[in-house]
1. Apply 1/(1 + (r/R0)^6) to the Cβ-Cβ distance of residue 155 and residue 103, taking R0 = 25 Å, and write down the FRET efficiency to the nearest 0.05.
2. Once the piece of chain linking residue 34 and residue 164 is laid out straight, how much longer is it, given 0.36 nm per residue of separation minus the C-alpha distance between them?
3. Determine the gain in length on full extension of the stretch residue 45-residue 120; use 0.36 nm per residue of separation and subtract their C-alpha separation, reporting nm with one decimal.
4. Given labels modelled 7 Å from the Cα in the Cβ direction, how far is it in nm from residue 86 to residue 138?
5. At a threshold of 8 angstrom on Cα-Cα distance, excluding pairs fewer than six apart, so keeping six or more, what relative contact order does region 29-188 reach in percent?
6. For region 34-139, treating each Cα as an identical point scatterer without solvent, what Debye log10 I(q)/I(0) comes out at q = 0.15 1/Å?
7. Using the number of other C-beta atoms within 10 angstrom as an exposure proxy, rank 168, 96 with the fewest first.
8. Give me 178, 107 ranked fewest to most by other Cβ atoms within 10 Å of their Cβ, as a rough exposure proxy.
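Read-outs throughout are calculated quantities, based only on the coordinates presented, and are distinct from any laboratory measurement. Keep in mind that what you see is a predicted model, and the values were worked out from it rather than measured. Don't worry about glycine lacking a Cβ; one is built from the backbone with ideal geometry, like all the others, and counts go over all protein chains shown.
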């Protein structure tokens, strides 16, 4: 019986690996989802960057102990989100990845989510290992460096990803995003009744 269970587990592992490989090959070369990075969310669950593949996604980077810029980024993204029609907003997802995985534990991220009244069903605050943080920042064009006091000097850029993970538009002014960015968001984040992913 144990050997049968081991065999079934082995088959399941192979199937998952093959499925993941095929899914990655289906992505365009310039898809952010080509970064096969593991994330740990504010709910202390394992996730991936392409968790909401099929949806439009706003993605940016932050760190929880930031006193001004990052809270502004979160509030501005929420305002952008709330400014959309309800049918559009339902389809949109948001991913914010921390620059500071050493300190931004799931508990810290959960507290930050609660503080800002974040919609945990559509928003993911996440941490990744330092190497993946650097790769994501490079792909998104977000320059950052750690300061002696433990904080981070960083650019504030929000990227709009299409359903396949391609960057469709960016803004470096979250408080007053360019009309072109907002137009791209409204155009891509249309109601799609056939989207069934969470």
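1. 0.80
2. Answer, rounded to one decimal: 45.8 nm.
3. Working it through step by step, the gained length comes to 25.8 nm.
4. Rounded to a tenth, the inter-label distance reads 4.5 nm.
5. Once normalised by length, the contact order is 31 percent.
6. -0.58
7. Result, fewest neighbours first: 168, 96.
8. Ordered by Cβ neighbours within 10 Å, fewest first: 107, 178.
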